[in-house]
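The values are calculated or read from the model by the stated rules, or taken from the named source; none is laboratory data. The structure displayed is predicted, hence computed values, not measured ones. Here Cβ is always computed from backbone atoms with ideal geometry, including for glycine, and neighbour counts include all displayed protein chains.
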Amino acid sequence: MTLPATDRLPFKNSFAMLPPAFYTRLTPTPLPQPYLVAASQTAASLIGLDSAEFEQKQVIDAFAGNQPLPGSLPLAAVYSGHQFGVWAGQLGDGRAILLGEVDSAQGPMELQLKGAGQTPYSRMGDGRAVLRSSIREFLCSQAMAALGIPTSYALAVIGSDLHVMREAPESTAVVTRLAPSFVRFGSFEHWYYQDKQAELKILADYVIAQFYPQLQASDNPYRALLQEVTRRTAHLIAQWQAVGFMHGVMNTDNMSILGLTLDYGPFGFMDAFDPGHICNHTDREGRYAYKMQPQIGHWNCHALAQALLPLIGEVEQAQEALAVYPHEFSARLAALLHGKFGLTTLEAGDDALFDATLTLLQNNRADFTLFFRRLGDLRLEFTSDAEREAQDGALRDLFLDRAAFDAWAVQYRARLRREHSTDSARRLAMHAVNPKYVLRNYLAQQAIAQAQNKDFSEVARLLAVLEHPFDEQPEHEHYAALPPHWAGDLEVSCSS
(Lines give C-alpha, C1' and ligand atoms only; values in the text may rest on other atoms or scores of the structure.)
Protein backbone atom coordinates (compact mmCIF):
# COMPACT_ATOMS: atom_id res chain seq x y z
CA MET A 1 0.00 0.00 0.00
CA THR A 2 1.37 3.40 -1.01
CA LEU A 3 1.63 5.94 1.76
CA PRO A 4 -0.12 9.30 1.26
CA ALA A 5 2.09 11.98 -0.27
CA THR A 6 2.14 13.90 2.97
CA ASP A 7 3.67 10.93 4.78
CA ARG A 8 6.38 10.28 2.16
CA LEU A 9 8.45 13.37 2.84
CA PRO A 10 11.06 12.48 5.48
CA PHE A 11 12.02 15.93 6.68
CA LYS A 12 15.42 17.05 7.82
CA ASN A 13 15.62 20.38 9.56
CA SER A 14 19.21 21.61 9.37
CA PHE A 15 18.31 25.32 9.40
CA ALA A 16 16.05 24.74 12.39
CA MET A 17 19.07 23.36 14.25
CA LEU A 18 20.70 26.80 14.21
CA PRO A 19 20.31 28.88 17.40
CA PRO A 20 16.85 30.40 17.99
CA ALA A 21 18.08 33.90 17.09
CA PHE A 22 18.02 32.91 13.43
CA TYR A 23 14.28 32.32 13.19
CA THR A 24 10.94 32.16 14.92
CA ARG A 25 9.16 28.83 15.21
CA LEU A 26 5.49 29.12 14.27
CA THR A 27 2.80 27.31 12.35
CA PRO A 28 1.14 28.57 9.16
CA THR A 29 -2.15 30.40 9.44
CA PRO A 30 -4.93 28.14 8.05
CA LEU A 31 -6.25 29.05 4.62
CA PRO A 32 -10.05 28.84 4.44
CA GLN A 33 -11.54 26.28 2.05
CA PRO A 34 -8.40 25.69 0.00
CA TYR A 35 -8.43 24.26 -3.53
CA LEU A 36 -5.78 23.26 -6.04
CA VAL A 37 -4.89 25.83 -8.68
CA ALA A 38 -1.89 24.11 -10.24
CA ALA A 39 0.88 21.62 -9.52
CA SER A 40 4.09 20.91 -11.40
CA GLN A 41 4.97 17.32 -12.20
CA THR A 42 8.57 18.41 -12.84
CA ALA A 43 8.92 19.85 -9.36
CA ALA A 44 6.93 17.05 -7.73
CA SER A 45 9.21 14.44 -9.30
CA LEU A 46 12.21 16.04 -7.62
CA ILE A 47 10.90 14.99 -4.23
CA GLY A 48 9.31 11.71 -5.23
CA LEU A 49 5.70 12.88 -5.56
CA ASP A 50 3.15 12.82 -8.36
CA SER A 51 1.34 16.03 -9.22
CA ALA A 52 -1.91 14.05 -9.45
CA GLU A 53 -1.70 13.52 -5.68
CA PHE A 54 -2.31 17.24 -5.21
CA GLU A 55 -5.95 16.64 -6.04
CA GLN A 56 -6.31 14.88 -2.67
CA LYS A 57 -7.81 16.91 0.17
CA GLN A 58 -5.12 15.80 2.61
CA VAL A 59 -2.38 17.06 0.30
CA ILE A 60 -4.21 20.31 -0.46
CA ASP A 61 -4.61 20.95 3.25
CA ALA A 62 -0.94 20.23 3.90
CA PHE A 63 0.35 22.63 1.23
CA ALA A 64 -2.20 25.28 2.19
CA GLY A 65 -0.63 25.27 5.66
CA ASN A 66 -3.75 23.81 7.26
CA GLN A 67 -2.27 20.49 8.29
CA PRO A 68 1.29 19.97 9.57
CA LEU A 69 3.55 17.74 7.52
CA PRO A 70 5.01 14.96 9.70
CA GLY A 71 8.58 15.73 10.71
CA SER A 72 8.58 19.35 9.60
CA LEU A 73 9.61 22.15 11.95
CA PRO A 74 7.95 25.27 10.51
CA LEU A 75 9.77 28.55 11.00
CA ALA A 76 10.19 32.05 9.62
CA ALA A 77 13.79 33.20 9.15
CA VAL A 78 15.13 36.62 10.03
CA TYR A 79 17.31 38.63 7.66
CA SER A 80 17.92 42.24 6.69
CA GLY A 81 18.91 43.97 3.48
CA HIS A 82 19.44 46.91 1.20
CA GLN A 83 16.29 47.79 -0.73
CA PHE A 84 16.75 49.99 -3.82
CA GLY A 85 20.26 50.73 -2.55
CA VAL A 86 19.13 51.95 0.88
CA TRP A 87 19.70 50.05 4.11
CA ALA A 88 16.27 48.84 5.21
CA GLY A 89 17.22 47.18 8.49
CA GLN A 90 15.51 44.04 9.70
CA LEU A 91 13.24 42.28 7.26
CA GLY A 92 12.73 38.51 7.35
CA ASP A 93 10.17 36.01 6.12
CA GLY A 94 7.11 38.20 6.33
CA ARG A 95 4.80 35.78 4.54
CA ALA A 96 6.93 32.67 3.98
CA ILE A 97 7.30 29.71 6.32
CA LEU A 98 10.06 27.16 5.91
CA LEU A 99 8.90 23.61 6.61
CA GLY A 100 12.29 21.87 6.42
CA GLU A 101 14.24 19.97 3.79
CA VAL A 102 13.68 16.68 2.02
CA ASP A 103 15.87 14.59 -0.24
CA SER A 104 15.50 15.22 -3.94
CA ALA A 105 17.08 14.17 -7.22
CA GLN A 106 19.28 17.26 -6.87
CA GLY A 107 20.17 16.81 -3.21
CA PRO A 108 18.42 18.18 -0.11
CA MET A 109 15.65 20.61 -1.03
CA GLU A 110 13.91 22.99 1.34
CA LEU A 111 10.12 23.38 1.16
CA GLN A 112 8.72 26.80 1.87
CA LEU A 113 5.11 27.99 1.92
CA LYS A 114 4.78 31.52 0.57
CA GLY A 115 1.61 33.31 1.62
CA ALA A 116 1.12 31.21 4.76
CA GLY A 117 0.18 34.04 7.10
CA GLN A 118 1.72 36.62 9.39
CA THR A 119 5.07 36.18 11.07
CA PRO A 120 7.00 38.41 13.47
CA TYR A 121 8.69 39.85 10.35
CA SER A 122 5.55 40.84 8.46
CA ARG A 123 6.03 44.57 9.20
CA MET A 124 2.33 45.55 9.19
CA GLY A 125 1.62 43.14 6.32
CA ASP A 126 -1.07 40.46 6.34
CA GLY A 127 1.36 37.66 5.52
CA ARG A 128 -0.69 36.53 2.55
CA ALA A 129 0.14 36.15 -1.13
CA VAL A 130 -2.48 36.85 -3.77
CA LEU A 131 -3.48 34.47 -6.53
CA ARG A 132 -2.08 36.78 -9.21
CA SER A 133 1.46 36.87 -7.84
CA SER A 134 1.40 33.19 -6.89
CA ILE A 135 0.57 32.12 -10.44
CA ARG A 136 3.29 34.39 -11.82
CA GLU A 137 5.89 32.89 -9.48
CA PHE A 138 4.72 29.35 -10.15
CA LEU A 139 4.94 29.71 -13.92
CA CYS A 140 8.19 31.65 -13.99
CA SER A 141 10.01 29.37 -11.58
CA GLN A 142 9.32 26.38 -13.79
CA ALA A 143 9.97 28.34 -16.99
CA MET A 144 13.40 29.41 -15.74
CA ALA A 145 14.26 25.87 -14.70
CA ALA A 146 13.37 24.65 -18.19
CA LEU A 147 15.60 27.37 -19.66
CA GLY A 148 18.48 25.97 -17.64
CA ILE A 149 18.79 29.04 -15.41
CA PRO A 150 19.48 28.40 -11.70
CA THR A 151 16.27 29.02 -9.80
CA SER A 152 13.99 28.02 -7.00
CA TYR A 153 11.22 25.67 -8.12
CA ALA A 154 7.48 25.97 -7.56
CA LEU A 155 5.69 22.81 -6.54
CA ALA A 156 2.05 23.89 -6.34
CA VAL A 157 -0.36 26.77 -5.93
CA ILE A 158 -3.25 26.34 -3.49
CA GLY A 159 -6.00 28.97 -3.74
CA SER A 160 -8.75 30.24 -1.49
CA ASP A 161 -11.71 32.60 -1.70
CA LEU A 162 -10.26 34.55 1.23
CA HIS A 163 -9.63 38.10 0.02
CA VAL A 164 -7.02 40.61 1.10
CA MET A 165 -6.56 44.23 0.14
CA ARG A 166 -3.86 45.26 -2.30
CA GLU A 167 -4.62 48.01 -4.80
CA ALA A 168 -8.04 46.33 -4.74
CA PRO A 169 -9.41 43.24 -2.98
CA GLU A 170 -7.75 40.09 -4.31
CA SER A 171 -8.14 36.39 -3.67
CA THR A 172 -5.32 34.66 -1.83
CA ALA A 173 -3.09 31.67 -2.48
CA VAL A 174 -0.13 29.77 -1.09
CA VAL A 175 2.70 28.72 -3.40
CA THR A 176 5.07 25.95 -2.31
CA ARG A 177 8.65 26.79 -3.23
CA LEU A 178 11.61 24.43 -3.43
CA ALA A 179 15.28 25.40 -3.21
CA PRO A 180 18.39 23.91 -1.62
CA SER A 181 18.43 26.98 0.61
CA PHE A 182 16.65 30.30 1.00
CA VAL A 183 19.62 31.97 2.73
CA ARG A 184 20.23 35.39 1.21
CA PHE A 185 22.90 38.05 1.09
CA GLY A 186 20.72 39.89 3.59
CA SER A 187 20.95 36.97 6.01
CA PHE A 188 24.62 37.87 6.51
CA GLU A 189 24.00 41.61 6.48
CA HIS A 190 21.59 41.16 9.38
CA TRP A 191 24.29 39.99 11.76
CA TYR A 192 26.98 42.32 10.43
CA TYR A 193 24.94 45.47 11.00
CA GLN A 194 23.97 44.26 14.47
CA ASP A 195 27.67 43.72 15.19
CA LYS A 196 27.04 40.10 16.16
CA GLN A 197 30.11 38.31 14.85
CA ALA A 198 29.36 35.06 16.66
CA GLU A 199 26.06 34.67 14.79
CA LEU A 200 27.70 35.81 11.56
CA LYS A 201 30.27 33.04 11.89
CA ILE A 202 27.63 30.44 12.77
CA LEU A 203 25.71 31.29 9.61
CA ALA A 204 28.79 31.30 7.40
CA ASP A 205 30.00 27.99 8.82
CA TYR A 206 26.55 26.49 8.28
CA VAL A 207 26.40 27.62 4.64
CA ILE A 208 29.91 26.37 3.91
CA ALA A 209 29.32 23.00 5.58
CA GLN A 210 25.93 22.45 3.92
CA PHE A 211 26.51 23.83 0.43
CA TYR A 212 30.20 24.51 -0.12
CA PRO A 213 32.04 21.78 1.81
CA GLN A 214 34.93 21.91 -0.67
CA LEU A 215 35.78 25.37 0.70
CA GLN A 216 36.48 24.10 4.20
CA ALA A 217 40.05 23.17 3.23
CA SER A 218 40.76 26.68 1.94
CA ASP A 219 43.30 28.90 3.72
CA ASN A 220 40.45 31.39 4.24
CA PRO A 221 37.08 29.66 3.80
CA TYR A 222 35.14 32.92 4.18
CA ARG A 223 37.09 34.62 1.42
CA ALA A 224 36.57 31.50 -0.70
CA LEU A 225 32.85 31.65 0.06
CA LEU A 226 32.64 35.26 -1.10
CA GLN A 227 34.54 34.46 -4.27
CA GLU A 228 32.37 31.47 -5.14
CA VAL A 229 29.13 33.35 -4.48
CA THR A 230 30.42 36.26 -6.56
CA ARG A 231 31.28 33.90 -9.40
CA ARG A 232 27.87 32.24 -9.28
CA THR A 233 26.11 35.59 -9.19
CA ALA A 234 28.04 36.82 -12.21
CA HIS A 235 27.13 33.67 -14.13
CA LEU A 236 23.47 33.91 -13.12
CA ILE A 237 23.08 37.48 -14.29
CA ALA A 238 24.85 36.71 -17.55
CA GLN A 239 22.19 34.06 -18.10
CA TRP A 240 19.46 36.57 -17.30
CA GLN A 241 20.87 39.03 -19.83
CA ALA A 242 21.22 36.38 -22.52
CA VAL A 243 17.58 35.34 -22.31
CA GLY A 244 16.19 38.86 -21.77
CA PHE A 245 15.00 38.23 -18.21
CA MET A 246 14.57 41.10 -15.76
CA HIS A 247 14.17 40.32 -12.08
CA GLY A 248 12.72 43.70 -11.20
CA VAL A 249 13.77 43.98 -7.56
CA MET A 250 17.39 42.95 -7.00
CA ASN A 251 17.51 43.97 -3.34
CA THR A 252 20.16 42.19 -1.28
CA ASP A 253 17.43 40.33 0.60
CA ASN A 254 16.36 38.82 -2.74
CA MET A 255 19.84 37.58 -3.69
CA SER A 256 20.54 33.88 -3.13
CA ILE A 257 23.74 32.77 -1.44
CA LEU A 258 23.68 29.86 -3.90
CA GLY A 259 23.38 31.97 -7.05
CA LEU A 260 19.74 31.06 -7.70
CA THR A 261 16.98 33.21 -9.13
CA LEU A 262 14.92 33.87 -6.04
CA ASP A 263 11.75 35.74 -5.06
CA TYR A 264 9.79 36.29 -8.27
CA GLY A 265 7.80 39.50 -8.10
CA PRO A 266 7.71 42.23 -10.76
CA PHE A 267 9.82 40.24 -13.23
CA GLY A 268 9.57 40.42 -16.99
CA PHE A 269 10.97 38.99 -20.19
CA MET A 270 12.07 41.45 -22.85
CA ASP A 271 9.63 41.99 -25.71
CA ALA A 272 10.71 44.89 -27.95
CA PHE A 273 14.41 45.26 -27.16
CA ASP A 274 15.20 48.24 -24.98
CA PRO A 275 18.26 48.04 -22.72
CA GLY A 276 16.76 50.72 -20.49
CA HIS A 277 13.51 48.81 -19.98
CA ILE A 278 12.20 48.84 -16.40
CA CYS A 279 9.89 45.93 -15.70
CA ASN A 280 8.99 47.07 -12.16
CA HIS A 281 6.51 49.94 -12.10
CA THR A 282 7.65 50.74 -8.55
CA ASP A 283 11.26 51.28 -9.70
CA ARG A 284 10.87 54.90 -10.77
CA GLU A 285 14.62 55.57 -10.80
CA GLY A 286 15.39 52.58 -13.03
CA ARG A 287 17.85 51.03 -10.60
CA TYR A 288 16.89 47.55 -11.73
CA ALA A 289 16.49 48.20 -15.46
CA TYR A 290 17.73 45.47 -17.80
CA LYS A 291 21.00 47.24 -18.59
CA MET A 292 21.66 47.84 -14.87
CA GLN A 293 21.41 44.21 -13.75
CA PRO A 294 25.10 43.33 -14.24
CA GLN A 295 26.23 46.41 -12.30
CA ILE A 296 23.72 45.82 -9.51
CA GLY A 297 24.79 42.20 -9.22
CA HIS A 298 28.34 43.40 -8.56
CA TRP A 299 27.06 46.04 -6.10
CA ASN A 300 25.18 43.37 -4.20
CA CYS A 301 28.30 41.22 -4.00
CA HIS A 302 30.10 44.22 -2.49
CA ALA A 303 27.33 44.42 0.12
CA LEU A 304 27.87 40.75 0.91
CA ALA A 305 31.62 41.34 1.12
CA GLN A 306 31.07 44.11 3.65
CA ALA A 307 28.98 41.75 5.76
CA LEU A 308 31.61 38.98 5.59
CA LEU A 309 34.57 41.28 6.20
CA PRO A 310 34.85 40.51 9.95
CA LEU A 311 35.32 36.85 9.02
CA ILE A 312 37.53 37.41 5.97
CA GLY A 313 39.79 39.66 8.00
CA GLU A 314 41.46 41.86 5.40
CA VAL A 315 39.90 44.31 2.96
CA GLU A 316 42.41 43.28 0.30
CA GLN A 317 41.28 39.67 0.49
CA ALA A 318 37.65 40.68 0.07
CA GLN A 319 38.58 42.87 -2.88
CA GLU A 320 40.43 40.00 -4.51
CA ALA A 321 37.36 37.80 -4.13
CA LEU A 322 35.13 40.47 -5.66
CA ALA A 323 37.55 41.06 -8.52
CA VAL A 324 36.43 37.85 -10.22
CA TYR A 325 33.02 39.35 -11.04
CA PRO A 326 33.81 41.40 -14.18
CA HIS A 327 35.77 38.63 -15.88
CA GLU A 328 33.34 35.87 -14.90
CA PHE A 329 30.36 37.90 -16.09
CA SER A 330 31.97 38.95 -19.37
CA ALA A 331 33.32 35.49 -20.16
CA ARG A 332 30.02 33.80 -19.38
CA LEU A 333 27.99 36.32 -21.38
CA ALA A 334 30.40 36.08 -24.33
CA ALA A 335 30.05 32.30 -24.36
CA LEU A 336 26.26 32.57 -24.22
CA LEU A 337 26.17 35.15 -27.01
CA HIS A 338 28.39 33.07 -29.26
CA GLY A 339 25.92 30.26 -28.77
CA LYS A 340 22.94 32.51 -29.45
CA PHE A 341 24.55 33.74 -32.69
CA GLY A 342 25.52 30.22 -33.75
CA LEU A 343 29.24 30.96 -33.66
CA THR A 344 31.66 28.17 -32.83
CA THR A 345 34.90 30.15 -33.12
CA LEU A 346 36.20 33.39 -31.63
CA GLU A 347 37.15 36.50 -33.57
CA ALA A 348 38.42 39.85 -32.38
CA GLY A 349 35.43 41.63 -33.90
CA ASP A 350 32.75 39.51 -32.29
CA ASP A 351 31.98 42.02 -29.53
CA ALA A 352 31.45 44.69 -32.18
CA LEU A 353 29.07 42.37 -34.03
CA PHE A 354 27.10 41.71 -30.86
CA ASP A 355 26.90 45.41 -30.02
CA ALA A 356 25.83 46.30 -33.56
CA THR A 357 23.11 43.66 -33.41
CA LEU A 358 21.70 44.94 -30.13
CA THR A 359 21.79 48.51 -31.45
CA LEU A 360 19.88 47.37 -34.53
CA LEU A 361 17.32 45.64 -32.31
CA GLN A 362 16.97 48.72 -30.12
CA ASN A 363 16.59 51.13 -33.03
CA ASN A 364 13.85 48.99 -34.53
CA ARG A 365 12.28 47.87 -31.26
CA ALA A 366 12.57 44.33 -32.60
CA ASP A 367 11.37 41.49 -30.44
CA PHE A 368 14.31 40.02 -28.52
CA THR A 369 13.12 36.42 -28.23
CA LEU A 370 11.74 36.13 -31.75
CA PHE A 371 14.85 37.68 -33.31
CA PHE A 372 17.23 35.11 -31.89
CA ARG A 373 14.86 32.22 -32.52
CA ARG A 374 14.34 33.19 -36.16
CA LEU A 375 18.03 33.95 -36.59
CA GLY A 376 18.65 30.23 -36.38
CA ASP A 377 16.65 29.80 -39.60
CA LEU A 378 18.78 32.25 -41.60
CA ARG A 379 20.46 30.58 -44.55
CA LEU A 380 23.83 31.35 -46.08
CA GLU A 381 23.20 30.44 -49.69
CA PHE A 382 20.86 32.13 -52.19
CA THR A 383 20.95 32.83 -55.91
CA SER A 384 19.35 36.28 -56.04
CA ASP A 385 18.34 39.22 -53.88
CA ALA A 386 14.72 38.16 -54.25
CA GLU A 387 15.52 34.69 -52.97
CA ARG A 388 17.51 36.15 -50.08
CA GLU A 389 14.64 38.45 -49.12
CA ALA A 390 12.20 35.55 -49.28
CA GLN A 391 14.46 33.38 -47.14
CA ASP A 392 14.96 36.18 -44.62
CA GLY A 393 11.28 37.12 -44.61
CA ALA A 394 10.15 36.12 -41.11
CA LEU A 395 13.31 37.52 -39.54
CA ARG A 396 13.41 40.64 -41.72
CA ASP A 397 9.78 41.43 -40.91
CA LEU A 398 10.77 42.18 -37.29
CA PHE A 399 12.51 45.36 -38.52
CA LEU A 400 11.01 48.62 -39.69
CA ASP A 401 14.31 49.61 -41.31
CA ARG A 402 14.73 46.74 -43.74
CA ALA A 403 17.81 48.30 -45.35
CA ALA A 404 19.56 48.43 -41.99
CA PHE A 405 18.74 44.78 -41.41
CA ASP A 406 20.00 43.83 -44.88
CA ALA A 407 23.30 45.63 -44.27
CA TRP A 408 23.69 43.90 -40.91
CA ALA A 409 22.87 40.51 -42.43
CA VAL A 410 25.69 40.92 -44.95
CA GLN A 411 28.16 41.30 -42.08
CA TYR A 412 26.66 38.42 -40.12
CA ARG A 413 26.74 36.07 -43.10
CA ALA A 414 30.34 37.03 -43.76
CA ARG A 415 31.20 36.10 -40.17
CA LEU A 416 29.47 32.74 -40.54
CA ARG A 417 31.27 31.97 -43.78
CA ARG A 418 34.64 32.66 -42.20
CA GLU A 419 34.10 29.74 -39.86
CA HIS A 420 32.56 27.57 -42.60
CA SER A 421 29.22 27.38 -40.85
CA THR A 422 26.59 24.99 -42.22
CA ASP A 423 22.91 25.84 -42.09
CA SER A 424 21.60 22.56 -40.68
CA ALA A 425 24.13 22.20 -37.85
CA ARG A 426 23.90 25.87 -36.93
CA ARG A 427 20.10 25.83 -36.86
CA LEU A 428 20.08 22.81 -34.58
CA ALA A 429 22.57 24.39 -32.19
CA MET A 430 20.88 27.79 -32.12
CA HIS A 431 17.42 26.41 -31.53
CA ALA A 432 18.81 24.49 -28.56
CA VAL A 433 19.83 27.73 -26.81
CA ASN A 434 17.39 30.34 -28.16
CA PRO A 435 13.94 29.66 -26.69
CA LYS A 436 10.83 29.91 -28.76
CA TYR A 437 8.61 30.28 -25.69
CA VAL A 438 9.13 32.55 -22.69
CA LEU A 439 6.71 33.77 -20.04
CA ARG A 440 5.67 37.06 -21.53
CA ASN A 441 3.65 39.20 -19.17
CA TYR A 442 0.56 39.13 -21.35
CA LEU A 443 0.56 35.32 -21.40
CA ALA A 444 0.74 35.26 -17.62
CA GLN A 445 -2.05 37.84 -17.43
CA GLN A 446 -4.34 35.78 -19.64
CA ALA A 447 -3.83 32.73 -17.44
CA ILE A 448 -4.42 34.82 -14.30
CA ALA A 449 -7.63 36.33 -15.68
CA GLN A 450 -9.10 32.88 -16.28
CA ALA A 451 -7.88 31.60 -12.92
CA GLN A 452 -9.61 34.44 -11.13
CA ASN A 453 -12.82 32.97 -12.54
CA LYS A 454 -11.85 29.50 -11.24
CA ASP A 455 -10.74 28.28 -14.65
CA PHE A 456 -7.21 26.97 -14.17
CA SER A 457 -6.87 25.28 -17.55
CA GLU A 458 -4.77 28.06 -19.09
CA VAL A 459 -2.29 27.91 -16.19
CA ALA A 460 -1.82 24.20 -16.91
CA ARG A 461 -1.51 24.71 -20.68
CA LEU A 462 0.96 27.54 -20.33
CA LEU A 463 3.04 25.55 -17.86
CA ALA A 464 3.20 22.64 -20.30
CA VAL A 465 4.42 24.95 -23.07
CA LEU A 466 7.00 26.72 -20.91
CA GLU A 467 8.50 23.49 -19.65
CA HIS A 468 9.65 22.80 -23.24
CA PRO A 469 10.80 26.26 -24.35
CA PHE A 470 13.16 25.11 -27.10
CA ASP A 471 10.76 22.70 -28.83
CA GLU A 472 8.79 23.81 -31.88
CA GLN A 473 5.37 22.76 -30.50
CA PRO A 474 3.47 23.70 -33.69
CA GLU A 475 0.14 23.15 -31.91
CA HIS A 476 1.07 26.02 -29.57
CA GLU A 477 2.44 28.43 -32.16
CA HIS A 478 0.28 31.28 -30.87
CA TYR A 479 2.25 31.32 -27.61
CA ALA A 480 5.30 32.38 -29.62
CA ALA A 481 3.61 35.24 -31.47
CA LEU A 482 4.44 38.91 -31.14
CA PRO A 483 2.66 40.34 -28.09
CA PRO A 484 -0.62 42.13 -28.79
CA HIS A 485 -0.78 45.91 -28.61
CA TRP A 486 -2.52 45.89 -25.22
CA ALA A 487 0.43 44.02 -23.69
CA GLY A 488 2.37 47.29 -23.67
CA ASP A 489 -0.07 48.71 -21.15
CA LEU A 490 0.51 45.98 -18.55
CA GLU A 491 2.29 47.06 -15.39
CA VAL A 492 3.76 44.95 -12.62
CA SER A 493 5.02 46.28 -9.32
CA CYS A 494 6.43 45.08 -6.02
CA SER A 495 2.92 43.88 -5.12
CA SER A 496 2.99 41.55 -8.12
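Residues in the range 162-183 that are touching a residue at least 60 places away in the same chain (Cβ under 8 Å) and either not basic (Lys, Arg) or not assigned by TED's automatic domain parsing to the domain that holds VAL102 (or both): 14 in all. The single residue among ILE202, ILE135 that is part of a helix (DSSP H, G or I), of a type outside the set (S, T, N, Q) and not assigned by TED's automatic domain parsing to the domain that holds LEU99 turns out to be ILE202.
Does the range 375-389 contain at least one residue that is crowded, with 17+ Cβ neighbours inside 10 Å, more than 25 Å from ASP271 (Cβ to Cβ) and at pLDDT below 95? Scanning the range 375-389 turns up at least one residue that is crowded, with 17+ Cβ neighbours inside 10 Å, more than 25 Å from ASP271 (Cβ to Cβ) and at pLDDT below 95.
Against the definition (in a helix (DSSP H, G or I), without any contact (Cβ under 8 Å) to a residue 24 or more places away in the chain and of a type in the set (S, T, N, Q)), how does GLN241 come out, yes or no? Judged against the criteria, GLN241 is not a match.
Among the numbered conditions (1) surrounded by fewer than 22 Cβ atoms within 10 Å (Cβ to Cβ); (2) part of a helix (DSSP H, G or I); (3) over 24 Å from the mean Cα position of the chain (by Cα), the only one that PRO32 does not meet is (2). Scanning the range 190-208 for residues that are under 24 Å from THR261 (Cβ atoms) and more than 22 Å from the chain's Cα centre (by Cα) yields HIS190, LEU203, ALA204, TYR206, ILE208. Among the residues of the range 417-430, which ones are surrounded by fewer than 19 Cβ atoms within 10 Å (Cβ to Cβ) and either assigned by TED's automatic domain parsing to the domain that holds GLY148 or assigned to a helix (DSSP H, G or I) (or both)? If the condition is that a residue be surrounded by fewer than 19 Cβ atoms within 10 Å (Cβ to Cβ) and either assigned by TED's automatic domain parsing to the domain that holds GLY148 or assigned to a helix (DSSP H, G or I) (or both), then ARG417, ARG418, ASP423, SER424, ALA425, ARG427, LEU428, ALA429 are the ones that fit. Per the conditions (1) in a helix (DSSP H, G or I); (2) at pLDDT below 95, the sole criterion not satisfied by GLU189 is (2).
Strands (runs of 3 or more DSSP E) fully within the range 74-123 that include at least 1 residues being within 20 Å of the chain's Cα centre (by Cα) and modelled with pLDDT of 95 or more: 80-83, 96-102, 109-114.
Take the conditions at pLDDT 95 or above, closer than 26 Å to TYR479 by Cα, surrounded by fewer than 19 Cβ atoms within 10 Å (Cβ to Cβ) and hydrophobic (A, V, I, L, M, F, W, C) and apply them to LEU400. Does it pass?
yes
For the residues VAL37, VAL102, VAL59, VAL86, the requirement of being farther than 24 Å from SER171 by Cα, in contact (Cβ under 8 Å) with a residue 40 or more places away in the chain and not acidic (Asp, Glu) singles out VAL102. From the list ALA44, ALA52, ALA62, which one is under 26 Å from the mean Cα position of the chain (by Cα) and either under 30 Å from GLN197 (Cβ atoms) or modelled with pLDDT under 95 (or both)? Sole residue among the options that is under 26 Å from the mean Cα position of the chain (by Cα) and either under 30 Å from GLN197 (Cβ atoms) or modelled with pLDDT under 95 (or both): ALA52. Would a scan of the range 399-407 turn up a residue that is in a helix (DSSP H, G or I), in contact with a helix residue (DSSP H, G or I) (Cβ under 7 Å, 6 or more places away or on another chain) and within 30 Å of GLN239 (Cβ to Cβ)? Yes, some residue in the range 399-407 is in a helix (DSSP H, G or I), in contact with a helix residue (DSSP H, G or I) (Cβ under 7 Å, 6 or more places away or on another chain) and within 30 Å of GLN239 (Cβ to Cβ).
Can you tell me which residues in the range 12-31 are out of contact with any helix residue (DSSP H, G or I) (no Cβ under 8 Å at 6 or more places or on another chain) and closer than 22 Å to ASP205 by Cα? Selection gives LYS12, ASN13, ALA16, MET17, PRO20, THR24.
For residues in the range 252-274 being of a type outside the set (A, V, I, L, M) and not in a loop (DSSP other than H, G, I, E, B), which is farthest from GLY85 (Cα to Cα)? Here the answer is PHE269. Of the residues in the range 275-333, how many are in a helix (DSSP H, G or I), β-branched (Val, Ile, Thr) and in contact (Cβ under 8 Å) with a residue 12 or more places away in the chain? Within the range 275-333, residues that are in a helix (DSSP H, G or I), β-branched (Val, Ile, Thr) and in contact (Cβ under 8 Å) with a residue 12 or more places away in the chain number 3.
Suppose we filter the range 432-487 for residues that are outside any loop (DSSP other than H, G, I, E, B), under 18 Å from PHE371 (Cβ atoms) and either in contact with a strand residue (DSSP E or B) (Cβ under 7 Å, 6 or more places away or on another chain) or modelled with pLDDT under 95 (or both); how many remain? Final tally of qualifying residues: 1.
Counting only residues that are crowded, with 19+ Cβ neighbours inside 10 Å and not small (Gly, Ala, Ser), the range 432-455 holds 11 of them. Residue under question is LEU139, and the condition is that it be modelled with pLDDT of 95 or more and buried (at least 23 other Cβ atoms within 10 Å of the Cβ); does it hold? So LEU139 passes the test. What do you reckon, is GLU475 touching a helix residue (DSSP H, G or I) at 6+ places or on another chain (Cβ under 7 Å), outside the structural domain of CYS140 (by TED's automatic domain parsing) and farther than 30 Å from LEU346 by Cα? It is false that GLU475 is touching a helix residue (DSSP H, G or I) at 6+ places or on another chain (Cβ under 7 Å), outside the structural domain of CYS140 (by TED's automatic domain parsing) and farther than 30 Å from LEU346 by Cα.
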